Amino acid sequence: MSSISLAWGYGCRNAGDMAINYGFLDFLDQSFRDSKIEIISRYAPNQPEIRETRDRLAERGYEFDLLGGPIHYNPKNQSRVEKISALSGDSLRYTSDILRLDDIDDRFGSEMASSIQDSELLLFNGGNLIHHSPHRGFLPYVLAIMYPLVVARRNKTPYALLPQTIFNLEGPYEPILTSVLNGAEFIWTRDDRTYEYLKQKASISTPVHRGLDIGFVGCRQYEKSSEDSAKGNHIAVVPRFSELGDTGNIQNTDLSSVETSLKRYIQTVVDDGDSVSIVVQTNSEKEWVNNNMSFLQSTGVDIFESFDQDELCSFYAKCDLLVTMRLHAGIFGLTQGTPTIGVYREEWGPKIPGTWEALDISAYAKSWDEISVNTLHDLTLSALEQRNVLRKRILENIDERTTEMTNKLEHSMREVLD
């Protein structure tokens with residue numbers, strides 16, 4: 001029986017985190033059912049996210065082991081004394097794991113390190129973790145994110161990267177990042193812009209493969225709505241006015257024009273006779289809705305709130321159009337064949353434009369600087385007019401890309417394990 005470790009396992013903070021988990025775990029459940037699978041959580045064993053995630057995985061029918069992570073520092077929920085204590089313990093565990101002090105005394109080291117040492121392959125979960133940005137481009141973050149990969153290198157455990165968005169590696173820590181990336185068996189990208197970026201970097205020698213977000217694999221398809229079109233179109237809107245990683249809100253000077261355009265757009269399509277639902281699938285959207293409740297109520301906009309992937313996929317299947325500033329909202333809608341307009345900030349990386357390019361719908365991805373009420377309205381009319389053509393194109397491209405990706409991924413993994 002082969003043994004595989006997966007790091008990091010995300011919690012249940014939002015449906016996007018769980019989509020990445022579900023996508024790859026569905027793949028493992030189908031292709032590596034006879035393997036021993038251990039999921040290493042981002043969260044420490046004593047945190048409530050562990051219990052909640054374990055319950056969610058059980059509901060899905062998975063029988064994989066979920067291990068608590070080695071990082072106990074949690075600045076949002078700890079007192080000053082607790083932070084100091086957690087940092088001290090984390091530093092000791094990190095040093096022990098990197099220097100392999102558990103070889104001297106098994107009291108040293110973390111459960112994560114033990115899992116990686118015993119594994120035949122470590123898989124680094126997909127997502128948006130590896131980047132160098134003004135908000136996260138500092139050494140503690142880099143070291144924490146790369147922690148399991150460095151442990152794997154120290155223990156000569158083969159490791160590989162699941163579909164990633166990787167950007168802005170340039171900076172003071174590029175040698176660290178490049179060294180770890182070049183130690184991988186292979187790297188999968190989840191958007192076409194990341195693929196081109198890595199292929200053009202002479203410093204990257206690891207095989208790089210073009211894929212899609214692994215969340216596309218775990219989304220179930222639901223029936224489209226058969227509602228009377230005479231009632232107008234149903235448009236879902238997912239706003240996002242937070243920084244990369246939802247680490248804070250965008251400054252008012254940067255968001256005012258786009259926020260104004262979005263509100264005017266909502267008013268315009270309502271005046272056209274269409275219905276609009278604002279979708280809340282993270283706490284960031286919830287905050288925006290609360291701050292703009294008067295406008296939403298006066299406009300007659302519905303609020304749909306869910307952090308559950310299946311509920312969101314089912315909801316988007318009933319929509320005629322989705323306008324989103326969040327990638328995973330887009331993934332949930334696109335897997336249902338729902339035409340989707342993606343709006344992005346350059347700071348968030350290439351995940352939205354790169355994904356839309358992969359699905360041959362790049363005309364419907366617009367940057368923050370390109371957004372106006374007229375732009376959004378024109379794209380809406382175009383998408384609704386061509387909805388059947390777009391639906392066919394989207395579903396065919398998703399099927400082609402995910403099938404190719406999972407087949408190649410299984411083959412690459414078996415080459416390492418056999």
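Structural size metrics of region 1-129, computed from C-alpha coordinates, are Rg and Dmax of 15.3, 46 Å. As a rough guide to protection, the peptides 365-378, 153-166, 286-299 ranked by mean Cβ packing within 10 Å, highest first, stand as 153-166, 365-378, 286-299.
Modelled spin labels at residue 46 and residue 264, positioned 7 Å past Cα toward Cβ, are 5.4 nm from each other.
Protection proxy ranking of 35-44, 271-280, 399-408, by the mean of other Cβ atoms within 10 Å over each peptide's residues and highest first, is 35-44, 271-280, 399-408. Full extension of the chain segment joining residue 306 with residue 77 gains 80.1 nm, where the gain is 0.36 nm per residue of separation less the Cα-Cα distance. Using a cutoff of 8 angstrom between alpha carbon atoms and counting only pairs six or more residues apart, the relative contact order for the chain works out to 15 percent. Membrane-span-like helices of the chain, defined as complete DSSP H segments with a Cα extent of 15 Å or more along the helix axis and a mean Kyte hydropathy of at least 0.5, are identified as 139-154.
Divide the volume of the convex hull around the Cα atoms of region 59-106 by the residue count and you get 119 Å³ per residue.
When the helices in the chain are scored as -39500 (n - 2.57) per DSSP H run of 4 or longer and the sum is shared across all residues, what 222 nm value do you end up with, to the nearest 500 deg cm²/dmol?
Values: 16 runs with 199 residues, N = 418.
Taking each H run of at least 4 residues, the total per residue is -15000 deg cm²/dmol.
The Cα atoms of the chain define a convex hull whose projected area, averaged across directions, is 20.5 nm².
Kindly state, to the nearest 0.05, the FRET efficiency for residue 36 paired with residue 220, given R0 = 30 Å and r defined as their beta-carbon distance.
Details: r = 27 Å, r/R0 = 0.89.
Computed FRET efficiency for residue 36 and residue 220 comes out at 0.70.
With Cα atoms defining each centre, region 326-358 and region 256-276 are spaced 20 Å apart in the structure.
In plain terms, the residue of 360, 34 with the fewest other Cβ atoms within 10 Å comes first and the most crowded comes last, giving 34, 360. Over region 229-385, all Cα pairs binned in 10 Å intervals from 0 give whole-percent P(r) values of 11, 44, 39, 6, 0, listed from short to long. Pairs from the table (36/156; 199/392; 351/408) lying more than 23 angstrom apart at Cα are 199/392. As a calculated quantity, the FRET efficiency between residue 388 and residue 143 at R0 = 45 Å, using C-beta atoms, amounts to about 0.35.
Grab the Cα-Cα distance for residue 411 and residue 396, subtract it from 0.36 nm times how many residues apart they are, and report the gain in nm with one decimal.
Details: separation 15, 0.36 × 15 = 5.40 nm, distance 2.27 nm.
Full extension of this stretch gives 3.1 nm more.
Since every read-out is calculated from the coordinates, none of them should be taken as a lab result. These numbers come from a predicted model, not from an experiment. A quick note on method: Cβ atoms are made from the backbone with ideal geometry, for glycine too, and the neighbour counts reach across all protein chains shown.
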